[in-house]
Structures are given as structure tokens and as C-alpha cells.
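Trainee: Handing you a structure now.
The values are calculated or read from the model by the stated rules, or taken from the named source; none is laboratory data. Just so it is clear, the model here is predicted, and its values are computed rather than measured. Reconstructed Cβ throughout: ideal geometry from the backbone, glycine too, with neighbour counts over all protein chains shown.
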Amino acid sequence: MTERSVWRGAFWLSLGSFVSKLIGAIYRIFLPRVLGDYGVGLFQMAYPLYAILLAVSVNGIPTALAKQSAEKLSRGDTEGAERLGAWAQVALGLIGMVLAALMELASRWIAVYVFREPAATGAIRALAPALAFVALEASFRGYFQGRQEMRPTAMSQIFEQVARVMVMFPLAYHFLPTGVDNAAAAATVGAPVGAAVGMVYLAFQRSSRGKWSLRGRFPGRDLWRLFTVALPMSLSGLLFPLMLMADSMFVPMRLRLAGLTLEQATARFGQLSGEAMPLINLTMVVGAALAVSLVPAIARATIRGDRREANSKVDSAIHLVWLLGLPMAGGLVMLAHPLTQLLYGESGASGALQVLALGSPILALQQVMGSSLQASGHGWVPVKNLIYGAGVKFLLTWFLTPIPFWGIRGAAIGTVAASIVAAYLNWHDWVRIVGPGTHPFRSVVWPLAGTVVMAMGLHVWLYGPLYGQETLRSVLAVPVGMLLYGAVMVLSGEWQAVAQALKAR
């Protein structure tokens, strides 16, 4: 594995993830205009299930299968690698179909007893077929990644999201006259259709690579190892999907204690998960891209026993998190009200968006530290820290959400607190395992100063004695903020530090 192949693969994975999340954010921005807050709430009750499946498909199983395939290929066992890939596709396909059938049969029970919203039954039922397609996608992605071919994985992610959007909006519009619950279920159909398109593309690419065969010894031990290795890798990537799942189960229920009706509580949940979260997802791309790009370098440094090099790579990643994540967070805090008003026609999600934006750089930091631990061979450590963070999330959501003053902002506070806990524990365990040398706040001073200057400038731009249409000022606020932040970075010398950090990668 050459340095060039590692970074080329990381580039394709980062590009696919960014474009996929960008398309996902765009459709979730416009979906509330079609379904309304209540319809988005129904859609979002089913969506966390898909997000969890997607996290397993993208992170856990492909990485574990790629690792085992690469080991066999490095020993010259090409036939064994091909056989493992073929049997993994069969096994995962069967597991996916069984789970899809179980979810279809249990959809009513999940809606009534888990989410406490019977109207979500159709959305959950429409999502069920995605389990089979996502499982097959995972097997194909692992096959290609084991051969250092990352482009098929990236392209499948893009095709999947494009297909979802092309199906989602026409079906939602078509079924809207029959009821919001039917329209939400129709929009959910985009998930299995998109997964099917991605799976077909990967299957076509697979057919041109090697002969698919199940002949020879059944690789039972290899398949068992595949699932045991994939388990911690999958769980460590589930922080955000599990938080969404917790919100979909508890937020509407707890909001009703504040005096809201079921429909009002579901609508408020739609504001949190369907309006605020898509904007936060764009800021998460920074941490995800850095985590993917730095894993190979950290793994090599760890194998060589070069702790100084490993700490240097993590420090470079943290520096880039502050440089890119802090201004994005500050911009969202200042633009929360006009942005939600512009995109959704009302600003009910602005309070939750501001809280989530404040914690987005910490969430990116958590991603980087978790991936670094995984690259160093300690896959279960981020899972342990995830459990602690999830506990904090549950407690704060449970106690703050019923208080009228906090409402959905209480759930957002729980999400931010969970990311802080997980990030701190990941950093603490990294220092304990690898050794001291990583200082998260050493490089935060100038990015924080630039963010403060940018925020003050945006406040004057948006609310000061300036003339112009409010919508135009809101749109131009983004380039204004970029110019202000960029000016501080140039004057402080941080621009040169950016170049050095990128070179260090």
C-alpha cells in the first residue's frame, strides 16, 4: 500500500461522503415545504433506522471485509479473497432479507410502542426493503476497499442519494392529497430505491473485476471473524444515528408533558431533526473527511511505534477542525434565525440550531479522536465512550425537554453534551494508550479570535444601520463572514499554519 494509493482512496471516500451529505442536506431543507413540520416528524421517526443501517454499511462491515481481503491478497491467496467476498455477499444478503421481513411485520408495533406515533407505521414499512439492499451494498464496498479501489464506494454513495431525491419528491407530492402520513411514507420509499440503485451499480462494477464463485471450502471462521471485527467499527460510527433514534423515541413523548398535543410534539420534533440537523450535517463533513484521511497515516505511525508522529498527525487534524469548524459554527449561530426563515419559511428551529452549532466543532473533534483510536487498534474504546455520551444525552433530553423554556433546545443540549463527553474521553484514552503529546486547545486561539470578529461583523451586517432587502443581506452574509474570518487568519499568520497542517497530512 503506497502513500499515493492511501491518499487517493481517502480523496474518493471524502468526496463521496461530502457530495452525498450535501445532497441529503438539500433534500431535507426542502422536504418541510412539502410535508410540513408534522410530516417531517413522521418521516424522521423512520429515518434514524436507515441512518444506523447506513453507518454500518459505510463504516463497519466494508472496513472489516477490506481488512481480511487485504490480508489474504498480501499472502497471495487471491482465490481465498474472492471466495470470502462471494460468501460475504451471500451471507449479508440473506441476513438483510430476513431483517427486512421482520421490520415489515413489526412496523406497526415499532410505531405504536417505540415511537408512540401510529401514523409513522407507513414510513417504517416503506423503509423495510432498504435493509436487504444496504446489506448487499456493504459486502460489495468491502470487496472493493480490500483491493484499494475506493471510487466505486464513493460513486455508489452519490448515485444512491441522487436516486432518493428523484423518487422522494414526486411520490410525496403525489400522495399528499391522501394525507400527510401517506406522503411521509411515500417520501421514505426513496431510501430503499436509492439503496437498490447503489447496490446495482456496485454489482455491475463487481461483475467486471473477478469471477464470482462459491466453490471450495466454506470460510466459516473467516465469516465469523468478519462480524466480530466489524462490530466495534460499526458501533463507533453510530454516535449521531443513535442520538437521532433516541430523539425520535423520547422527544415527542417528553414534549407532550409540556402541554403539547401529539401533532404539535411531532411537529416540534420535525423542526429539530428535519430542519436543524441537515444544516449541522454539513459541518460534520469536516470531521468525517479528516477522520477518513488521517486513519492510514496514524495506523502506519502506530505500527512503527512512532508515538511522536501519531500525535503530530492528530494535532494537525485538530488544528484543521478549529480552523474550519469554528467559523462554520459561529456563522450558523449568527445566521440561525434568518437562515431558517429563508429556507423553511419560519424560524422555529433556530434555537435548536444555535445550540447544535455551538457543539459542532466538538463533534468533529470526537470523530477525529475516535478514528485515531480505531486506527491504533483499539476499536472498542470509542464504543465505550459512546455509551457514556449516550447516557448523558438521555438524561439531559429526558429532564430538559418537558420544560417549556427549553423544549427541543433541551434535546439539542443533550446532543452537544454527549459529543463533549465522548470527545474528552476519546482524547483521554488516546493520551493513556499512545502517550502525551496531543494538546487539543493549543491551536484554538486564533481561529476562535477570528470567529468572534466574524460574529461581531455579521451582527452589524444583519442588524446594524445598513440598507437593503433582508433576504439579500441574509444571502450575502455568508461571503461577508468568509471575508472577515479570512482577513483575521491572514493578518495573524494562520494562513501559513494552514499550509503547514495540510502538508503534514
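Trainee: Kindly provide the set of residues from segment 331-373 that are surrounded by 24 or more Cβ atoms within 10 Å (Cβ to Cβ) and outside any helix (DSSP H, G or I), ordered by number.
Mentor: The answer is A349, and nothing else.
Trainee: On the given criteria, is G39 more than 30 Å from L343 (Cβ to Cβ), modelled with pLDDT of 80 or more and in a helix (DSSP H, G or I)? Break it down stepwise before answering.
Mentor: Details: more than 30 Å from L343 (Cβ to Cβ): no; modelled with pLDDT of 80 or more: yes; in a helix (DSSP H, G or I): yes.
No, not satisfied.
Trainee: Moving on. Collect the residues in segment 381-409 that are in contact with a Leu (Cβ under 6 Å, 6 or more places away or on another chain), without any contact (Cβ under 8 Å) to a residue 60 or more places away in the chain and more than 26 Å from S371 (Cβ to Cβ), keeping them in residue-number order.
Mentor: Once the filter is applied, which keeps residues that are in contact with a Leu (Cβ under 6 Å, 6 or more places away or on another chain), without any contact (Cβ under 8 Å) to a residue 60 or more places away in the chain and more than 26 Å from S371 (Cβ to Cβ), segment 381-409 yields only W406.
Trainee: Restricted to segment 467-496, and to residues that are farther than 17 Å from A336 by Cβ and touching a helix residue (DSSP H, G or I) at 6+ places or on another chain (Cβ under 7 Å), which residue is modelled with the lowest pLDDT?
Mentor: Here the residue is W495.
Trainee: Let me ask you something else. Any residue that is closer than 18 Å to S207 by Cβ, of a type outside the set (G, A, S) and at pLDDT 75 or above - is there at least one of those in segment 109-120?
Mentor: Within segment 109-120, the first condition is being closer than 18 Å to S207 by Cβ, and the residues that meet it are none.
No - not one qualifying residue is present in segment 109-120.
Trainee: Looking at segment 468-487, I want the residues that are free of Cβ contacts under 8 Å to residues at least 24 places away in the same chain and have a partner that is of a type outside the set (A, V, I, L, M) and not in a loop (DSSP other than H, G, I, E, B) with Cβ atoms under 6 Å, at least 6 apart or on another chain. Which pairs are those?
Mentor: Listed by first residue and then by second, the contacts come to V480/W461.
Trainee: Specify which of the listed residues (P404, P382) is buried (at least 24 other Cβ atoms within 10 Å of the Cβ) and either more than 16 Å from L244 (Cα to Cα) or in contact with a Gly (Cβ under 9 Å, 6 or more places away or on another chain) (or both).
Mentor: Just a single option satisfies the conditions, and that option is P382.
Trainee: Give the number of residues within segment 338-360 that are free of Cβ contacts under 8 Å to residues at least 60 places away in the same chain and within 18 Å of T451 (Cα to Cα).
Mentor: 2
Trainee: Still on this model: State whether the residues of segment 165-176 include one that is in a helix (DSSP H, G or I), in contact with a Leu (Cβ under 7 Å, 6 or more places away or on another chain) and at pLDDT below 90.
Mentor: As a first pass, look at segment 165-176 and keep what is in a helix (DSSP H, G or I): 165-176.
From what is left, the residues that are in contact with a Leu (Cβ under 7 Å, 6 or more places away or on another chain) are 172.
In the following step, the residues that additionally are at pLDDT below 90 were identified as 172.
Yes - at least one qualifying residue is present in segment 165-176.
Trainee: Only one of (1) over 23 Å from the mean Cα position of the chain (by Cα); (2) surrounded by 15 or more Cβ atoms within 10 Å (Cβ to Cβ); (3) among the polar types (S, T, N, Q) fails for S156. Which number is that?
Mentor: S156 satisfies every listed condition except (1).
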